[in-house]
Amino acid sequence: MKGGLITLVAGLVLGVAAYAAFDGVMYYTSTDDFCGNSCHEMETPRNALQQTPHHSNAHGVTVGCSDCHIPKEFVPKMLRKIEASREVWGHWTGVIDTPEKYAAHRPAMAERELNRLRANDSQECRNCHEVAQMDFAAQDRTVRRYHRGIEQRGKTCIDCHEGIAH
Ligand code: HEC
Ligand code: HEC
Ligand code: HEC
């Protein structure tokens, strides 16, 4: 009985420690520091993003890499992290380590990310921008019409807003 209790407590402690470590890794690998600064390959998107309202605007709200590229839901997030480990491998093997190589791979990389957003109905955009919350009166007439009709048209944000960040 005593042995069983010790095993149970040890198991709990290990479980909590493993969870904390896991959470720490998940958190760190989602920071802009990791995504945008830890490898020079990401200078191209980072420099471009810094010129857009998603980086700096009158309201002082900043959108980071992970806000658009890493899902918040557990399973999609894990799948994206697994895919990202292939990207880390790409870093070590120098797949896009010059601006020329980045440019050559860009269409394929962009298409993969666009397909991901098409498949999830631009979920990451919708985490911040809710159509139901849009003040249509404040939008241009044409723009308002696009957003209002989004469901009937079977369109998703990224169909019209490709190239939004970089
Ligand atoms: C973490 C929150 C967040 C996410 C995620 C996000 N946005 Fe934004 N978006 C903002 C903020 C904040 C602004 C700037 C508002 C301002 O100018 O004050 C903005 C501005 C915009 C604008 C107008 C400015 C421009 O650059 O044209 C568009 C269009 C837009 N977002 C579309 C998108 C799309 C499409 C996605 C998904 C790929 C997305 N946003 C993801 C918060 C977010
Ligand atoms: C059928 C095309 C279309 C679709 C689909 C679409 N938009 Fe837009 N949106 C536009 C156009 C055109 C503009 C005006 C030009 C610009 O800011 O890029 C615009 C502007 C915006 C703006 C800036 C509004 C302003 O008045 O400053 C935001 C934010 C935005 N869109 C978010 C979204 C989000 C989020 C989705 C998905 C839920 C979405 N859009 C879907 C065409 C579209
Ligand atoms: C507001 C949303 C948003 C933010 C913030 C954002 N991205 Fe992107 N990113 C996209 C979209 C959408 C695509 C798909 C291609 C396109 O639309 O041009 C993309 C494509 C990419 C690609 C594929 C190659 C390319 O250049 O198209 C890379 C790599 C990338 N992003 C890295 C980053 C990094 C690193 C950061 C942070 C410094 C970042 N992104 C911030 C929306 C975003």
### Query
What is the sum of charges around residue 149, taking Lys and Arg as +1, Asp and Glu as -1, for the other residues whose C-beta is under 13 Å from the C-beta of residue 149?
+4
### Task
Please give the calculated 222 nm ellipticity per residue for the chain, where each DSSP H segment of at least 4 residues contributes -39500 (n - 2.57) and the sum is spread over every residue; nearest 500 deg cm²/dmol?
-17500 deg cm²/dmol
### Task
Counting only C-alpha contacts under 8 Å and six or more residues apart, can you give the relative contact order of the stretch 31-160 as a whole percent?
21 percent
### Query
Under a GNM of the chain (C-alpha, springs under 10 Å), which listed residue has the highest mean-square fluctuation: 58, 20, 103?
58
## Note on the structure
Checking 106, 144, 126 against a Gaussian network model of the chain (alpha-carbon springs below 10 Å), the top fluctuating residue turns out to be 144
### Query
Hey, with R₀ at 30 Å, roughly what FRET efficiency would residue 75 and residue 141 work out to, going by the Cβ-Cβ distance, to 0.05?
0.15
### Query
Gaussian network model of the chain, Cα springs within a sub-10 Å range: biggest mean-square fluctuation belongs to which of 32, 140, 97?
140
### Task
Write down Rg/Rh for the stretch 31-160, rounded to two decimals, with Rg from the C-alpha atoms and Rh from the Kirkwood relation over Cα pairs.
1.00
### Query
By how many nm would the segment from residue 152 to residue 86 grow when fully extended, if each residue of separation counts as 0.36 nm and the alpha-carbon distance is taken off?
20.0 nm
### Residues in the stretch 33-66 that a label on residue 95 would reach, taking backbone N under 17 Å of a point 7 Å out along Cα→Cβ
35-36, 39-45
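Each value in this text was obtained by applying a stated rule to the coordinates, not by laboratory testing. Every value quoted in this text rests on a predicted model; they were computed, and no experiment measured them. Reconstructed Cβ throughout: ideal geometry from the backbone, glycine too, with neighbour counts over all protein chains shown.
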